[in-house]
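Working notes for the structure below.
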Amino acid sequence: MILKILIAGALAASLAGSAHAAEITVSYVISASNFYDVFNQGFGSPPVSQVNEDFTLSFDPKVKTGPTSAGLKITSFNLPYSSEFAYGPIPGEPLVVGTVPVFSGCNLPRNSYCLVISTPLATTPTGAFIHDGAFLYEDATETVWEANNVSINIGPIPEPSTWVMMILGFAGVGFIAYRRKSKPALMAV
């Protein structure tokens, strides 16, 4: 009986995993600081000294996607700008998150931002903007601010098949514990 339950659980997990096998969900925590005026326009200090952005992204890493906000969930962000993303599966095309993302970078109209993650699926991803930058934003004065210090942390979120297998495992352990507990009562009768 237990073998049948385990086989049924493995079958259910494999079916759940094959339905969305290509799509992944990744959580990013971004911190950018030490901003400087890219074009040295002399507008003083940046309006924001540190930018923090936490977001979760669900996408198929084998398919060119975007620009779109579908699959992008912003958890927290201390700039008042909207966000979309663009991703290209071709080597060298980064993951771009920003107000107006394109596949190789961003357009930066007034009051916008751009984050380019050159290795989005790596354990320790790196950020870049065209050449060695990382995080840019343009304020109302049309000053482009680039961050010298960017920290990108990635944390995977389990896929649906992982959740199914975990739930079935807990159910199986619970069932076995229930059966063992109830056996002595049946033998006593």
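Summary table below
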read-out	value
Qualifying residues in the stretch 92-101 (those that are closer than 18 Å to PRO125 by Cβ and over 13 Å from the mean Cα position of the chain (by Cα)) - the one most open to solvent (accessible area, probe 1.4 Å)	GLY92
Top-ranked residue in the stretch 60-91 [being closer than 18 Å to LEU136 by Cα and touching a residue at least 40 places away in the same chain (Cβ under 8 Å); ranked as most open to solvent (accessible area, probe 1.4 Å)]	TYR81
Yes/no for LEU168 being at pLDDT 80 or above and surrounded by 15 or more Cβ atoms within 10 Å (Cβ to Cβ)	yes
Enumeration of residues in the stretch 41-63 that are among the acidic types (Asp, Glu) and outside any strand (DSSP E or B)	ASP60
In the stretch 44-56, residue surrounded by the fewest Cβ atoms within 10 Å (Cβ to Cβ) [restricted to those that are farther than 15 Å from LEU136 by Cβ and in contact (Cβ under 8 Å) with a residue 40 or more places away in the chain]	THR56
Within the stretch 119-134, considering residues that are assigned to a loop (DSSP other than H, G, I, E, B) and open to solvent by less than 50 Å² (accessible area, probe 1.4 Å), the one modelled with the lowest pLDDT	GLY133
Residues satisfying the stated conditions in the stretch 103-117, i.e. in a loop (DSSP other than H, G, I, E, B) and within 20 Å of the chain's Cα centre (by Cα)	PHE103, SER104
Qualifying residue in the stretch 11-29 (condition: farther than 30 Å from LEU168 by Cα, open to solvent by 50 Å² or more (accessible area, probe 1.4 Å) and at pLDDT 80 or above)	yes
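The values are calculated or read from the model by the stated rules, or taken from the named source; none is laboratory data. This one's a predicted model, so the numbers in the text were calculated from it and none came from an experiment. When we count neighbours, we look across all protein chains shown, and the Cβ atoms used for this are built from the backbone with ideal geometry, even at glycine. With ligands, DNA and RNA removed, areas are computed over all heavy atoms of the protein, side chains included. Shrake-Rupley method; radii C 1.70, N 1.55, O 1.52, S 1.80 Å.
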